[in-house]
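Every read-out reported here was derived from the displayed coordinates using simple, explicitly stated rules and does not represent laboratory data. Note that the structure is predicted; figures quoted are calculated from it, not measured. Cβ coordinates were reconstructed from backbone atoms using ideal geometry, including for glycine residues, and neighbour counts include every protein chain displayed.
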Amino acid sequence: MPCSPGTEQQALTPVRRQRASHEEDERAARRLVSRAVRLAQQGDRDALAFLYARYSGDIYTYVRSIVHDHHEAEDLSQHVFAKLMSVIGSYREREVPFLAWVLRVARNVAIDHIRQQRLVPVDEIRTAEPSGGDLRRAGRVDDLKGALATLPRAQREVLILRHFAGLSPTEIALRTGRTEGSIHGLHHRGRRALSAELIRRDAAPATRARPRARALSGVAA
């Protein structure tokens, strides 16, 4: 039996109230963050600590998706907090949401860390030579890393966040400050370029590759 207009209106009312309450909570949260940002830009350390505590989980998750190590990600997340003290004055609320901006800061910190690591000679950090099956697996990983290194930074970052960190295009867009459309474009071009580079290296995945081999090279599929 169909509901009367009045009954249907009554059924929708709790949903609308809940939605309105949620939207008001979001507006209140944005106002709170905006006020904390203004205070932090004036040198208020408590406001800066509030901002870091609010977004520390996002910062850690994003940094770990780049460095792939729990302890390094924790250390770098703390470094982001120290970095904020010197750069928060450059933030402009109208240009980009604060979360997107602070994740850009985190990305720069993580990338600087990786660059510094690359200055260490490989021979100094190699402790053991792989053998047998381990050698073949290590070779595939090296081929994949080498192929990724040939890509433009933006394409490489999107591929890593999508296929290794498991983030969705929407999450990647939020964390990098790009549009979702640009993420899809970078992902498409990056996969195509990576596949071509792996073929050039004679390292493309075989049709009947074992599960582990596909896991390592599936990003190029």
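Excluding V80 itself, calculate the net charge of residues whose Cβ lies under 15 Å from the Cβ of V80, where each Lys or Arg counts +1 and each Asp or Glu counts -1.
Summing Lys/Arg as +1 and Asp/Glu as -1 gives +1.
So how do 144-155, 83-94, 58-69 stack up, highest first, on mean other-Cβ count within 10 Å?
The peptides rank, most packed first, as 58-69, 144-155, 83-94.
Counting Lys +1, Arg +1, Asp -1, Glu -1, what net charge surrounds F164 among other residues with beta carbon under 12 Å of its beta carbon?
Here the charged neighbours net out to +3.
State, to one decimal in nm, how far the label point of A49 lies from the label point of V141, with both points 7 Å from Cα in the Cβ direction.
4.0
Taking K and R as +1 and D and E as -1, what net charge do the other residues with C-beta under 9 Å from the C-beta of Q155 add up to?
Around Q155, the surrounding residues sum to +3.
Can you tell me how much longer the chain between A165 and V96 gets when fully stretched, taken as 0.36 nm per residue apart minus their C-alpha distance, in nm with one decimal?
22.5 nm is the gain from fully extending A165 to V96.
Starting from the Cα-Cα distance between T150 and R27, subtract it from 0.36 nm times their residue separation and give me the gain in nm to one decimal.
Answer, rounded to one decimal: 40.0 nm.
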